[in-house]
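K.L.:
The structure follows.
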Amino acid sequence: MIQNDTFIKEINDLINMCLGVFFSGKIYKDNENSKNNKIYRELQNFISDGKINDGENLYYDNIDLNDTEYLQIGLSFYRALNDLDDKFLHENDFSRKEIKIGIEDLLDAYNINFIGEK
């Protein structure tokens, strides 16, 4: 349990650092004026329905690398997943490792690298 708590904290720290650097620490919130609200709401519905992989696919199928709001939505999506308990993730064919990989892939897509060359 301690190891998993450490991994959860590591993922949260990564997300919080990215949100802090790019969005003053704020996760994405439902915003009527945003053209991206539909994607955000659909992602939230996929999480609620336990269709996490479908949500991740939807996100990457619609990602707009010229729109940093999509980065904020992606980080908020992975933050919401990391807040779920292990049982829910397991029952819905997802893992903490996949959350971390998803964040890393998202950062790579936006050419964000905090640690230098890979």
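The values are calculated or read from the model by the stated rules, or taken from the named source; none is laboratory data. Keep in mind it's a predicted model, so treat the numbers as computed, not measured. Here Cβ is always computed from backbone atoms with ideal geometry, including for glycine, and neighbour counts include all displayed protein chains. Accessible surface is based on the protein model in full, side chains and every heavy atom, while ligands, DNA and RNA are left aside. Shrake-Rupley method; radii C 1.70, N 1.55, O 1.52, S 1.80 Å.
K.L.:
Please pick out the residue among PHE94, PHE88 that is in a loop (DSSP other than H, G, I, E, B) and touching a residue at least 24 places away in the same chain (Cβ under 8 Å). Steps first, please.
P.N.:
Working: PHE88 fails: in a loop (DSSP other than H, G, I, E, B).
The match here is PHE94.
K.L.:
Would you please name the residue that is nearest to SER95 (Cα to Cα), looking only at residues in region 36-50 that are part of a loop (DSSP other than H, G, I, E, B) and open to solvent by less than 60 Å² (accessible area, probe 1.4 Å)? Please lay out each step first, then the result.
P.N.:
Taking region 36-50 and keeping what is part of a loop (DSSP other than H, G, I, E, B), we get 36, 49-50.
So of that shortlist, the ones also open to solvent by less than 60 Å² (accessible area, probe 1.4 Å) come out as 36, 50.
Values: ASN36: 26, GLY50: 12 Å.
Looking at the filtered set, the residue picked out is GLY50.
K.L.:
Given the structure, is ASN53 surrounded by 11 or more Cβ atoms within 10 Å (Cβ to Cβ), modelled with pLDDT under 95 and out of contact with any Ser or Thr (no Cβ under 6 Å at 6 or more places or on another chain)?
P.N.:
Details: surrounded by 11 or more Cβ atoms within 10 Å (Cβ to Cβ): yes; modelled with pLDDT under 95: no; out of contact with any Ser or Thr (no Cβ under 6 Å at 6 or more places or on another chain): yes.
The answer is no for ASN53.
K.L.:
In region 68-83, how many are surrounded by 13 or more Cβ atoms within 10 Å (Cβ to Cβ) and either of a type in the set (D, E, K, R) or more than 12 Å from the chain's Cα centre (by Cα) (or both)? Even if it seems obvious, please write down each step before you answer.
P.N.:
Filtering region 68-83 down to residues surrounded by 13 or more Cβ atoms within 10 Å (Cβ to Cβ) leaves 69-82.
Those still in the list that are either of a type in the set (D, E, K, R) or more than 12 Å from the chain's Cα centre (by Cα) (or both) too: 69, 79.
Residues flagged as surrounded by 13 or more Cβ atoms within 10 Å (Cβ to Cβ) and either of a type in the set (D, E, K, R) or more than 12 Å from the chain's Cα centre (by Cα) (or both) within region 68-83 amount to 2.
K.L.:
Cβ-Cβ under 6 Å, sequence separation 6+ or interchain: first residue in region 18-44 and over 12 Å from GLY74 (Cα atoms), partner open to solvent by 90 Å² or more (accessible area, probe 1.4 Å) and outside any loop (DSSP other than H, G, I, E, B). Which pairs?
P.N.:
Every condition considered, no pair remains.
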